[in-house]
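Heads up: the structure comes next, in structure tokens.
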Amino acid sequence: MKKILFTGCGGQIGSELVLAFRNVYGSENVIATDLSANVSRELLDSGTFVQLDVLDKESIVNVIDKYDVGSVVHLAAILSAVGEKNPQLAWNVNMNGTVNIFEIAREKKLEKILVPSSIAAFGPDTPKEMTPQRTILHPTTMYGVTKVAIELLGDYYNHHYGMDIRGLRYPGVISHKTLPGGGTTDYAVAIYFDAVKKKSYNCFLKEDTMLPMIYMPDCLRATLELFQADKSRLTCATGYNLAAFSTTPAEMAESIKKYMPDFEITYSPDFRQEIADSWTNSIDDREAREEWGWKPEYDLDRVTKDMLAEVGKKQFNLTQTT
Ligand code: VAH
């Protein structure tokens with residue numbers, strides 16, 4: 001089979017999605033790349049890794065030719081919080097990197113491109129509750145602007161060139177293997193690490209900030225399901241709404257207290273509060289459910305139980321080795 005190329009494999013989602021794809025397609029068929037060589041040992045030991053800058057079109061072409069790549073999972077991006085600190089960098093990486101991937105896919109007639117969108121595509125005038133698939137997309141972050149632009153550009157390439165570009169509007173992703181970098185939903189990961197480490201957490205969002213979330217196992221399965229879905233059934237290829245559950249920092253704290261009664265949370269909202277307030281509270285993902293069978297398996301309490309157990313193991317290993 002032709003190989004599957006990943007960009008951004010060192011990120012929170014990429015570091016686990018590469019391994020999930022290698023389990024399904026075979027390690028030899030999944031080429032992992034990132035701008036940084038600082039990727040997990042597990043990823044390096046399980047298959048080919050290449051350091052690659054998505055802004056360097058010639059280097060991307062060389063990798064695609066060398067490994068006979070047929071599909072690309074393009075994850076390299078600057079996320080919402082970092083993007084607000086450096087909007088021009090976010091535009092450059094997110095847009096020009098994606099244009100490089102789309103243009104190469106067009107020129108080389110690649111089979112399939114998967115590029116994630118995000119709930120960050122929604123803005124203050126998007127319906128807040130059960131946000132529909134087809135809705136108002138006026139984001140107020142540069143990250144969100146790039147995600148809407150990528151959805152529209154992918155639709156154009158699909159329509160105009162008959163390509164197969166797909167994407168998911170990821171909610172906040174909760175995981176324990178690789179800490180997220182530069183996102184607004186990162187609190188939902190840090191709360192578990194601090195709960196285990198310090199039995200307390202100082203949250204950078206207000207207690208009642210409701211955001212859609214998904215646990216990494218569900219995120220990986222949804223991505224594989226969309227990647228493998230029958231193209232003829234997909235009506236909103238580049239930006240499927242995806243949801244598992246919605247929660248607030250206060251609800252997460254209550255969930256943690258079921259397992260750690262003495263856990264304490266405090267709140268110090270920062271610039272990320274304005275970003276979070278611009279996004280929606282809950283998502284209607286009926287199209288994903290109807291068109292490619294999406295169904296989440298993790299709710300908040302199941303996530304909390306698993307996260308505390310897995311983060312606790314890390315903490316145990318750390319204390320054991322120090
Ligand atoms: C961020 N984790 O916070 C990302 C995500 C839904 C938000 O795209 O920027």
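Just so you know, all these numbers are worked out from the coordinates, no wet-lab data involved. These figures come from a predicted structure and were not determined experimentally. Note that we place each Cβ from the backbone using ideal geometry, even for glycine, and neighbour counts take in every protein chain shown.
Residue-wise, which Karplus ³J(HN,Hα) couplings in Hz belong to segment 205-211, taking 6.51 cos²θ - 1.76 cosθ + 1.60, θ = phi - 60°, and x for glycine or proline?
10, 5, 4, 9, 6, 8, 9
Would you mind giving the average projected area, over all directions, of the Cα convex hull of segment 193-322 in nm² with one decimal?
Values: hull surface 38.6 nm².
Result: a mean projected hull area of 9.7 nm².
Taking square-rooted eigenvalues a ≥ b ≥ c of the alpha carbon gyration tensor, is segment 1-69 rounded, prolate or oblate, where a/c under 1.5 means rounded and, failing that, a/b exceeding b/c means prolate?
oblate
Using alpha carbon centroids, what distance separates segment 119-156 and segment 233-284, in Å?
Taking the Cα centre of segment 233-284 as reference, the centre of segment 119-156 is 17 Å away.
Short version: ³J(HN,Hα) in whole Hz for each residue of segment 72-84, in order, from phi by Karplus 6.51 cos²θ - 1.76 cosθ + 1.60 (θ = phi - 60°), x for Gly and Pro, what are they?
Rounded to whole hertz, the list is 10, 9, 9, 9, 4, 6, 9, 7, 4, 5, 5, x, 6.
Would you list Trp91, Trp279 from fewest to most Cβ contacts within 10 Å?
Details: Trp91 17, Trp279 29.
Ascending Cβ contact count within 10 Å gives the list Trp91, Trp279.
May I ask for the net charge around Gln133, where only other residues with Cβ less than 12 Å from the Cβ of Gln133 are counted and Lys, Arg are +1 while Asp, Glu are -1?
Overall, the nearby charge balance is -2.
Could you work out how far helix 142-161 tilts from the main Cα principal axis of the chain, as a 0 to 90 degree angle to the nearest 10?
Taking the Cα atoms of the chain, the angle to 142-161 is about 30 degrees.
Averaged over all directions, how much area does the convex hull of the C-alpha atoms of the chain cover when projected, in nm²?
Mean projected area for the chain: 15.7 nm², to one decimal.
With an 8 Å cut-off on Cα pairs and a minimum separation of 6 or more residues, tell me the relative contact order of the chain in percent.
The value is 18 percent.
Treating the angle as unsigned and between 0 and 90°, give the value, to the nearest 10°, between the Cα long axis of helix 187-198 and the longest Cα principal axis of the chain.
The helix 187-198 is inclined about 50 degrees to the chain.
Between Arg169 and residues 5 or more places away or on another chain, which pairs have amide H atoms under 5 Å apart, with H built 1.01 Å from N, and which residues are they?
Ser117, Tyr240, Asn241, Leu242
5 Å is the cut-off here: which amide hydrogens, built 1.01 Å from N in the peptide plane, fall below it relative to Leu114, excluding neighbours closer than 5 in sequence?
Long-range HN contacts for Leu114: Val72, Val73, His74, Arg166.
How would Ser117, Ser27 line up from fewest to most surrounding beta-carbon atoms within 10 angstrom?
Details: Ser117 23, Ser27 16.
Listing Ser117, Ser27 from fewest to most nearby Cβ atoms yields Ser27, Ser117.
Report the full-extension gain for the segment Lys128 to Asp301: residue separation times 0.36 nm, less the Cα-Cα distance, to one decimal in nm.
So the extension gain works out to 59.9 nm.
In segment 88-155, which trypsin sites (Lys or Arg not before Pro) are in a loop and have at most 16 other Cβ atoms within 10 Å, using DSSP for the loop call?
Lys108, Lys109, Lys128, Arg134
Output the pairs from Lys198/Lys313; Lys3/Lys112; Lys128/Lys257; Lys257/Lys305; Lys177/Lys257; Lys206/Lys313 with a Cα-Cα distance over 18 Å in this structure; if there are none, say none.
Details: Lys198/Lys313 15 Å; Lys3/Lys112 11 Å; Lys128/Lys257 28 Å; Lys257/Lys305 11 Å; Lys177/Lys257 22 Å; Lys206/Lys313 29 Å.
Lys128/Lys257; Lys177/Lys257; Lys206/Lys313, as the Cα separations exceed 18 Å there.
Return the distance in nm (one decimal) between the two label points of a simple spin-label model at Tyr161 and Ile136, each offset 7 Å from Cα along Cα→Cβ.
Output for this residue pair reads 3.3 nm.
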